[in-house]
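Undergrad: The structure is given below, and queries will be raised subsequently.
What follows draws every value from the coordinates through simple rules; no lab data is involved. What you see is a predicted model; the values in this text were computed from it and never measured. Ideal geometry is used to build each Cβ from the backbone, glycine not excepted, and the neighbour counts take in all protein chains shown.
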Amino acid sequence: MAHVRIQAHPFDAGAEIAALTQGRRDVGAVATFVGVVRDRNEGASVGRMTLEHYPGMTEKALLEICGQAAQRWDLIDLRVVHRVGPMEPGEPIVLVAVSSAHRGDAFAACEFVMDFLKTRAPFWKREDTPSGPRWVDARVSDDEAAARWAPPNR
């Protein structure tokens, strides 16, 4: 069910979303998230962002995250497209698109996949700023967002 792609070139979010519903009559909801390169981060101007990944390991991590989402919610299809390499402000970085029969499953799964992608997938981000290049550390807020999906203690 899950389709995961890592690529250097920009993607067409509309075409990716259309692929979720093409030929399907059982889809009642599609939820999407598109992340875009900002021109400012942590108080500095960003002229370019470069994402690196660990080929093979990154795709495996994304497929595992998608599998977890499919176990938690009743999904029809799930698609993740993530770019690597250099990107300019305004360019898309990542697409998470989920189809299901009902909106609740689609919304929850889309948010879950994005939260876990930010914390569990092996990507490294470098930003080019006026002060020179800098590697971007993981954010506590991303860890907190992923932690809320943990199963309750029994």
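Undergrad: Do you know which residues across the stretch 89-121 are surrounded by fewer than 20 Cβ atoms within 10 Å (Cβ to Cβ), more than 21 Å from Ile76 (Cβ to Cβ) and touching a strand residue (DSSP E or B) at 6+ places or on another chain (Cβ under 6 Å)?
TA: Hit for the stretch 89-121 is Pro92, nothing else.
Undergrad: Exactly one of these conditions fails for Ala13: (1) under 29 Å from Val136 (Cβ atoms); (2) in contact with an Asp or Glu (Cβ under 7 Å, 6 or more places away or on another chain). Give me its number.
TA: (2)
Undergrad: Within the stretch 80-104, can you find the residues that are assigned to a loop (DSSP other than H, G, I, E, B) and within 22 Å of Asn41 (Cβ to Cβ)?
TA: Result: Val84, Glu88, Pro89, Gly90, Glu91.
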